[in-house]
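A short worksheet on the structure shown next.
The values are calculated or read from the model by the stated rules, or taken from the named source; none is laboratory data. These figures come from a predicted structure and were not determined experimentally. As a convention, Cβ positions derive from the backbone with ideal geometry for all residues, glycine included, and neighbour counts pool all protein chains shown. Each accessible area value is taken on the protein alone, full model and side chains, heavy atoms only, with ligands, DNA and RNA left out. Shrake-Rupley method; radii C 1.70, N 1.55, O 1.52, S 1.80 Å.
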Amino acid sequence: MLKRMAAQPHGNIQQLLVISNGHGEDRVAMRILQVLRQDIPKLSVDALPIVGIGQSYGEQTIPRLVKGKALVSGGFWGREFGRDLQEGFLDLTLQQIRAVRQWSLKDGAVLAVGDIVSLTLAWWSGLPYAFVGTAKSEFYRGSHPPYLRSSVYWPWERWLMTHKRCRGVFPRDRITATTLQRWSIPVFDCGNPMMDDLEPQSELPELPPGCKILLLPGSHAPEVFRNWQLMISAIAGLDTTQQGYVFLGAIAPGIDQLPLQKILVQYGWSTQDNTARPYCQQHQNSLLLVPNGFRDCLSIANIVLAMAGTATEQAVGLGKPVITMPGHGPQFTAKFAAAQAQLLGPSIYHIRTPEELPHMLSAIQEQCRQPQIWLKNGRHRMGLPGASAKIAQALQQCLLNPSSSK
């Protein structure tokens with residue numbers, strides 16, 4: 001049986017374990033940690049990324065309790081999950097549970113970022129914990145049976161939030177925070193940390209004139225390659241007699257570009273390999289692959305074509321119109337795309353097949369003269385920048401130094 005240390009009600013906590021379950025969740029956690037480490041230089045931080053290798057933590061030299069693994073399913077239940085089992089998913093999960101057990105012998109605290117998985121592990125540690133909920137929002141309302149629609153969070157999730165060791169819950173938007181305040185939950189309405197740190201990092205190469213369309217095929221292999229093929233087949237049907245388009249392929253870290261380039265060649269794109277013109281060409285259209293350049297591409301894009309999770313939400317938050325279409329999963333399925341459209345509202349233009357793209361793109365271009373609608377909706381659904389600093393400040397009071405708030 002796990003021997004847990006008693007939660008300390010007073011005194012400063014100098015050791016923090018961060019548990020996150022996803023690439024986007026890792027980055028959210030890192031934004032909060034960057035502020036915490038500046039404010040508390042002596043704070044010792046360890047990380048446990050549940051899905052993937054936790055590259056964001058590695059970039060900031062934060063130790064990871066378990067050597068992560070890039071799951072075929074990307075952490076999403078579906079037909080790919082069987083391959084996860086074959087490649088050691090259960091063993092990895094047991095390693096993660098044991099790692100939390102060992103770490104819980106310290107006099108520390110736990111910060112969970114993501115959903116029920118990270119929240120449950122935080123509770124299991126036996127230590128004080130806080131939860132940053134990135135996966136659920138009351139904007140999803142309607143996805144639960146009528147008798148459970150008092151909140152988008154299930155009763156067992158709310159139980160974990162009302163536990164005496166739960167010191168703070170940080171929902172992603174105000175409407176969700178207001179709903180959770182109906183129960184004895186220590187809710188903090190600090191905003192959505194997904195909208196922080198989205199400023200451009202560098203300048204892109206000089207591009208031809210034309211409407212700039214950002215392509216977001218996702219961040220999990222091999223799904224990203226299937227999504228990319230759907231996108232390239234969709235833009236192949238565009239009429240280029242009237243104008244040329246400039247496509248920006250924002251490629252997530254760790255994704256091999258060679259399969260993407262092969263797909264471009266299959267669809268008739270002429271690849272270029274010189275500094276004077278680093279983009280591909282097809283008729284009047286141009287396409288530039290930009291590894292690790294999401295923020296740079298997003299800042300100049302007029303329209304977004306997305307089959308992604310967090311990146312789609314960030315694009316909407318910055319006032320961009322986003323076209324989505326379902327893939328073959330495991331993440332961006334028809335069900336996921338429908339739920340995402342419900343979350344993000346009128347900024348999402350959903351198509352069912354690649355053949356529908358030309359008509360939808362024309363309709364959006366006619367509305368581009370009034371971008372205020374998208375900007376207003378994005379701010380309403382996703383909030384303004386600055387949430388990470390607010391969450392870090394609240395964590396210092398409620399979790400790391402609870403005696404200061406008494």
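Quick rundown of the values:
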item: GLN397 paired with THR93, simple spin-label distance in nm, labels 7 Å along Cα-to-beta-carbon; result: 3.9 nm
item: Förster-model FRET efficiency, 35 Å R0, ARG295 and ARG101, C-beta, rounded to 0.05; result: 0.40
item: Trypsin sites (Lys or Arg not before Pro) within the range 330-374, DSSP loop, no more than 16 other Cβ atoms inside 10 Å; result: ARG352, ARG369
item: Scaled radius of gyration (Cα, divided by 2.2 N^0.38 Å) that the chain gives; result: 1.02
item: Estimated FRET transfer efficiency when R0 is 45 angstrom, pair GLN284-ILE175 (beta carbons, to 0.05); result: 0.55
item: Semi-axes of the equivalent ellipsoid for the range 314-406, Cα gyration tensor, largest first, Å; result: 36, 18, 8
item: Long-range HN-HN contacts of VAL132 with modeled amide H, under 5 Å; result: ALA112, VAL113, GLY114, PHE170
item: Interatomic Cα distance distribution for the range 169-312, bins of 5 angstrom, percent; result: 2, 9, 17, 19, 17, 11, 7, 6, 5, 4, 2, 1, 0
item: Residue-normalised accessible area of the range 23-70, given per residue in Å² at a 1.4 Å probe; result: 46 Å²
item: Per-selection Rg to Rh, the range 111-248 - Cα, Kirkwood hydrodynamic radius; result: 1.14
item: Residue-level accessible surface for MET195, protein heavy atoms, 1.4 Å, Å²; result: 10 Å²
item: Per residue Cα convex hull volume in Å³ - calculated over the range 249-406; result: 178 Å³
item: Order of exposure, largest accessible area first, which applies to PHE336, PHE139, PHE247 with probe 1.4 Å; result: PHE336, PHE139, PHE247
item: Segment THR333-LYS42, length gained on full extension (0.36 nm per residue, minus Cα span); result: 100.4 nm
item: Accessible area in square angstrom per residue, the range 116-243, 1.4 angstrom probe; result: 42 Å²
item: Solvent-accessible surface (1.4 angstrom probe) belonging to GLU355, in square angstrom, nearest 10; result: 140 Å²
item: The range 175-287 - percent of accessible surface contributed by carbon and sulfur, probe 1.4 Å; result: 48 percent
item: List ILE303, ILE50, ordered by accessible area with a 1.4 Å probe, largest first; result: ILE50, ILE303
item: Karplus 3J(HN,Hα) series, Hz, for the range 223-234 with 6.51 cos²θ - 1.76 cosθ + 1.60 (x for Gly, Pro); result: 4, 4, 6, 5, 5, 4, 5, 4, 5, 5, 5, 5
item: Distance in nm between pseudo-label sites at THR271 and GLN201 (7 Å out along the Cβ direction from Cα); result: 2.3 nm
item: Per residue accessible area of the range 318-363, 1.4 Å probe, in Å²; result: 41 Å²
